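Engineer: A single structure is presented below for examination.
The values are calculated or read from the model by the stated rules, or taken from the named source; none is laboratory data. Given the structure is predicted, the values throughout are model-derived calculations rather than measurements. Cβ placement follows ideal geometry from the backbone for every residue including glycine, while neighbour counts extend to all protein chains displayed. Protein only, heavy atoms only, side chains kept; ligands, DNA and RNA dropped before computing areas. Shrake-Rupley method; radii C 1.70, N 1.55, O 1.52, S 1.80 Å.
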Amino acid sequence: MNAINRIKLGNQGLIVPNIGLGCMGMTQIAGADIYGKADEKEAIATIHRSLELGGNFLDTADLYGPLHNERLIAKAIKENRNAYSIATKFGYEIDDNEQLTWKFNGTKDYVKKAVERSLKNLGTDYIDLYYLHRLDPNTPIEETVTAMSELVKEGKVGYIGLSEVSSDTIRRAHKIHPLTAVQTEYSLFERSVEESGILDTLNELEIGFVAYSPLGRGFISGDIKSPDDFPENDFRKAIPRFQGEQFKKNIELVNEIQKLANEKQITASQLALSWIASKNILSIPGTKRVKYVEQNIAAAQMILTTDEIDRLEKIIPLGTITGARYDEANMAGIDQ
């Protein structure tokens with residue numbers, strides 16, 4: 001556990017490895033495979049291998065499944081719960097039949113309902129980091145965060161965070177209860193948190209930043225050569241970044257990243273993860289396979305020179321158009 005680099009996430013006392021494990025792809029969402037088919041045995045082995053290497057930070061959400069992902073994690077951490085830091089999220093409304101309504105719900109009553117369900121599914125009596133997954137446009141953020149704050153006082157939650165929110169929402173929430181982390185998509189292909197000033201806001205308020213999809217939803221791995229490489233029902237087919245002329249332009253950028261990775265004799269994915277680690281940002285690359293979690297954790301411990309960082313950022317400088325990170329309907333659900 002001592003080999004991995006550890007960082008402070010926010011200023012409330014949470015210490016985590018500088019790379020986490022995104023668990024979303026370990027189960028389906030509403031009947032659809034996420035990044036290919038998952039195998040429960042291999043997924044659990046991946047969680048265990050991550051822990052062996054010091055990667056004890058797991059990221060899940062009640063949305064994933066829905067609920068099945070938390071239950072899978074419960075199996076993986078059984079009888080060893082205290083060795084892990086568990087982050088989960090709520091906010092996508094799930095009804096009493098365990099079905100997604102596809103509405104956002106941040107009301108006080110729903111916060112309390114959602115946390116009890118997650119505690120039960122995770123097989124634990126506390127959650128290390130509890131996020132609001134998406135802002136409920138019909139509920140003041142103050143109401144949601146007040147309810148989350150009560151969970152901290154009750155000992156059910158250690159720290160709280162938000163996902164995909166604007167600087168204004170972050171400031172309003174932080175006045176109610178100190179935020180430990182904000183989670184947003186961030187990679188060489190997606191740097192809008194820098195462009196919009198969100199990262200500056202987080203640094204000013206000493207709130208941690210968690211980067212999801214740090215490999216550009218698999219783009220940076222280099223495994224995707226054409227839109228035909230996706231499985232039939234892959235959700236990425238609907239994302240502008242993977243469509244038409246934008247796809248071709250992005251492939252050219254990936255090829256340039258690959259050239260630098262070849263020079264360092266590492267994979268493009270490792271290069272992208274070590275770039276994020278160089279910024280003292282926690283990334284949570286998703287995988288369900290042991291070999292990839294081993295590669296990812298090794299990447300987060302690599303040191304890039306200032307010159308290498310500059311070269312990378314010149315390949316895709318701030319302001320480069322790489323395509324929206326979601327389709328129009330899902331972008332509408334992001335607080336911007």
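Engineer: Which condition from (1) at negative phi; (2) open to solvent by 60 Å² or more (accessible area, probe 1.4 Å); (3) free of Cβ contacts under 8 Å to residues at least 12 places away in the same chain is the one that ALA261 breaks?
Structural biologist: Condition (2) is where ALA261 drops out.
Engineer: On to the next question. Can you find, within segment 264-286, the residue that is most open to solvent (accessible area, probe 1.4 Å) among those that are within 14 Å of PHE219 (Cβ to Cβ) and without any contact (Cβ under 8 Å) to a residue 60 or more places away in the chain?
Structural biologist: THR267
Engineer: For segment 293-308, give me the residue count where each residue is open to solvent by 20 Å² or more (accessible area, probe 1.4 Å) and either assigned to a helix (DSSP H, G or I) or among the aromatic types (Phe, Trp, Tyr) (or both).
Structural biologist: Count: 6.
Engineer: In this structure, does ASN82 turn out to be without any contact (Cβ under 8 Å) to a residue 40 or more places away in the chain, surrounded by fewer than 19 Cβ atoms within 10 Å (Cβ to Cβ) and part of a loop (DSSP other than H, G, I, E, B)?
Structural biologist: The answer is no for ASN82.
Engineer: Would it be correct to say that GLU70 is without any contact (Cβ under 8 Å) to a residue 60 or more places away in the chain and part of a loop (DSSP other than H, G, I, E, B)?
Structural biologist: Against the criterion (without any contact (Cβ under 8 Å) to a residue 60 or more places away in the chain and part of a loop (DSSP other than H, G, I, E, B)), GLU70 does not qualify.
Engineer: Name the residue that is nearest to ALA83 (Cα to Cα), counting only residues in segment 29-61 that are assigned to a loop (DSSP other than H, G, I, E, B) and open to solvent by 30 Å² or more (accessible area, probe 1.4 Å).
Structural biologist: Across segment 29-61, the extreme among qualifying residues is LEU53.
Engineer: Return a yes/no flag: does segment 256-271 have any residue that is within 27 Å of ASN11 (Cβ to Cβ), among the acidic types (Asp, Glu) and part of a helix (DSSP H, G or I).
Structural biologist: no
Engineer: Here's something else I'd like to know. Is it the case that ALA324 is in a helix (DSSP H, G or I), among the aliphatic types (A, V, I, L, M) and either more than 18 Å from PHE219 (Cβ to Cβ) or in contact with a Pro (Cβ under 7 Å, 6 or more places away or on another chain) (or both)?
Structural biologist: So ALA324 fails the test.
Engineer: Only one of ILE316, ILE303, ILE297 is modelled with pLDDT under 95 and touching a Leu at 6+ places or on another chain (Cβ under 6 Å). Can you tell me which?
Structural biologist: After ruling out the rest, the residue left standing is ILE316.
Engineer: Residues that are open to solvent by 10 Å² or more (accessible area, probe 1.4 Å): which strands (runs of 3 or more DSSP E) entirely in segment 96-213 hold 2 or more of them?
Structural biologist: Filter on segment 96-213 gives 100-104, 157-163, 208-212.
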